[in-house]
Amino acid sequence: MTRRAQRGLSTVTALFLVTVLVGVGVAGAALLRAGQDAATLDLQALRAAEAARAGLEWASWRITRPVAPICAATTNLANLPGTLAPYVVTVSCQGNGPYNEGGPFPVNTYALRAVACNQPLPAAASARCPNPLPTDGYIEQEGRGRAER
């Protein structure tokens, strides 16, 4: 084999190695990006769950307060503080009772549902969740609870 043929072979080998390394780098970057996107969506889902939980706590607080109105059928909570600011919470409340369990005071029970989302459905008065026509990046979490008074 001549020196010229050997020099051509080393160039081909070097180009092949560079191509393989570039491919590995591109694949690694794509995997890293996918991992970051998944982590971001997980964090947003946790925040939406916290917003829904805050809506349930707000409704429970309203029910246990000694002043009216106790429980509105549907209430939309927007302008949440801090990292929950991108979310709107729609709180639904359904009252049952009064029940008298032999004591002097009747007891009312309430079924609570809070839905938090980051792309609320625009309405005439206020935005609400859930959104039946979301776009990419839509996050929604729901919470349910009970309260009595």
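Bear in mind these aren't lab numbers, they're just calculated from the coordinates by the rules spelled out. Model, not experiment: these values are computed from the prediction. When we count neighbours, we look across all protein chains shown, and the Cβ atoms used for this are built from the backbone with ideal geometry, even at glycine.
Points to keep in mind about this one:
- Listed by first and then second residue, the pairs linking a residue in segment 97-121 that is closer than 13 Å to Ile70 by Cα to a residue that is of a type in the set (A, V, I, L, M) and part of a strand (DSSP E or B), with Cβ atoms under 8 Å apart and 6 or more places separating them unless they lie on different chains, are Thr109/Ala147; Tyr110/Ala147; Leu112/Val91; Leu112/Ala147.
- Residues that are over 13 Å from the mean Cα position of the chain (by Cα) and closer than 17 Å to Trp61 by Cβ, drawn from segment 105-149: Asn108, Thr109, Tyr110, Ala111, Leu112, Arg113, Arg144, Gly145, Arg146, Ala147, Glu148, Arg149
- Single residue of Ala127, Ala73, Ala123 found to be loosely packed, with under 15 Cβ neighbours inside 10 Å and under 27 Å from Gln44 (Cβ atoms): Ala123
- Within segment 97-120, restricting attention to residues that are touching a Ser or Thr at 6+ places or on another chain (Cβ under 8 Å) and over 30 Å from Ala45 (Cα atoms), the residue that is surrounded by the most Cβ atoms within 10 Å (Cβ to Cβ) is Gly97.
- Out of Leu46, Leu84, Leu133, sole residue that is within 26 Å of Ala34 (Cα to Cα) and without any contact (Cβ under 8 Å) to a residue 12 or more places away in the chain: Leu46
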